[in-house]
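To start, the structure under review is shown below, and the notes come after it.
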Amino acid sequence: MLHLRFVCALAFPLLLVLLLLSQPAEGFILRLITETLQNNVAGEPITHDRTEWNFDPNAAKNARALYFEKNGFRSSKFIERLGAGTDGWHEERRMEQAVRDVGRLGGEHNQNYPPPPV
């Protein structure tokens with residue numbers, strides 16, 4: 001019984017000889033073989049290009065500090081700005097909310113103890 005490696009060892013050189021002897025389609029077949037080997041075995045040519053990146057390991061820490069300063073922890077200041085509106089009356093609304101929320105902890109009281117009806 002023939003083993004697969006013997007079949008491949010005989011078939012591959014025979015296939016190469018037949019491909020080299022065939023004149024009309026020589027360019028197509030050689031290009032097909034070289035592209036197949038290059039793209040599937042060696043990888044795309046762009047894979048082997050060297051690139052350089054300017055990388056700052058502290059950039060994320062600096063950006064995080066700026067984000068917390070502007071938007072607060074878990075974007076609490078950002079959510080507050082959205083809730084106050086963007087129509088030009090946001091400062092007045094924020095002052096009304098500050099007066100309303102004196103002595104309350106960031107609105108958490110409304111979950112367990114809703115305010116009495118007015």
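Using a basic spin-label model with each label point 7 Å from the Cα along Cα→Cβ, how many nm lie between Leu37 and Ala59?
It works out to 4.1 nm between the two label points.
If amide hydrogens are placed 1.01 Å from N in the peptide plane, which non-local residues have theirs closer than 5 Å to the one on Gly72?
Lys77
Bear in mind that the values in this text are calculations on the coordinates, not laboratory data. The structure displayed is predicted, hence computed values, not measured ones. Here the Cβ is made from the backbone with ideal geometry for all residues, glycine too, and neighbour counts use every protein chain on show.
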